[in-house]
1. Given charges of +1 on the Cβ of Lys and Arg and -1 on the Cβ of Asp and Glu, with all other atoms neutral, how large is the dipole of the chain about its Cα centre, in debye to the nearest 20?
2. Across bins of 5 angstrom width beginning at 0, how are the C-alpha pair distances of the chain distributed, in whole percent?
3. Which number comes out as Rg/Rh for the range 1-63 once both Rg and the Kirkwood Rh are worked out on C-alpha atoms?
4. What number, rounded to the nearest 500 deg cm²/dmol, is the helix-based mean residue ellipticity at 222 nm of the chain, given -39500 (n - 2.57) per DSSP H run of at least four residues and division by all its residues?
5. Going by alpha carbons, how many degrees (0 to 90, nearest 10) lie between the helix axis of 74-104 and the longest principal axis of the chain?
6. Can you give me the relative contact order of the range 15-104 as a percent, contacts being Cα pairs under 8 Å and 6 or more apart?
7. If I fit a long axis through the Cα atoms of helix 44-61 and take the longest principal axis of the Cα atoms of the chain, what angle between them do I get, 0 to 90°, rounded to 10?
8. Considering the options T103, I28, F15, tell which one lies farthest towards the positive end of the dipole of the chain, charges being +1 on Lys and Arg and -1 on Asp and Glu at the Cβ, about the Cα centre.
Amino acid sequence: MFILEFILNDPIRAFAVGPLLAVAFYGIQLLLCRKAKHLQIKLIPLYLFLALFVFLVLLYMGVFPGRSEGLANAHELVALILAITFGIPVIGVCAAWMVYRRTKQPS
């Protein structure tokens, strides 16, 4: 919850937290690609992001009840800020897969 408050207090921080998470997820995904034997284990970060984006779509659509005092579309704003913040680490996961495939291919 601390990260969520940190991001939502100043939305510009999303552009700072996103790349840090991208680097972290890049390392985690590359480690999983090299050490895990089963494909399902290697895909755990992608499953995590898929579940997160389903949650963000539901949040954007306003499925979750809540009062937004003063803002008519607060759910949409929060969903977009979180989509930016957690969309950038997907690039890190994809980069880790590309590096893994590139190093695995015989020359």
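1. Values: 9 positive and 4 negative charges, 182 e Å.
Using only the charged Cβ atoms, the result is roughly 880 debye.
2. With 5 Å bins starting at 0, P(r) equals 2, 12, 18, 20, 17, 11, 9, 6, 3, 2, 0, 0, 0.
3. Checking Rg against Rh, the ratio lands at 1.06.
4. Details: 5 runs with 83 residues, N = 107.
Result for the chain: -26000 deg cm²/dmol, rounded to the nearest 500.
5. 0 degrees
6. So the answer I get is 52 percent.
7. That helix lies at roughly 20 degrees to the long axis.
8. Of the candidates, T103 comes out farthest on the positive side.
Every read-out reported here was derived from the displayed coordinates using simple, explicitly stated rules and does not represent laboratory data. Owing to the predicted nature of the structure, the values given are computational and were not obtained by experimental measurement. Cβ coordinates were reconstructed from backbone atoms using ideal geometry, including for glycine residues, and neighbour counts include every protein chain displayed.
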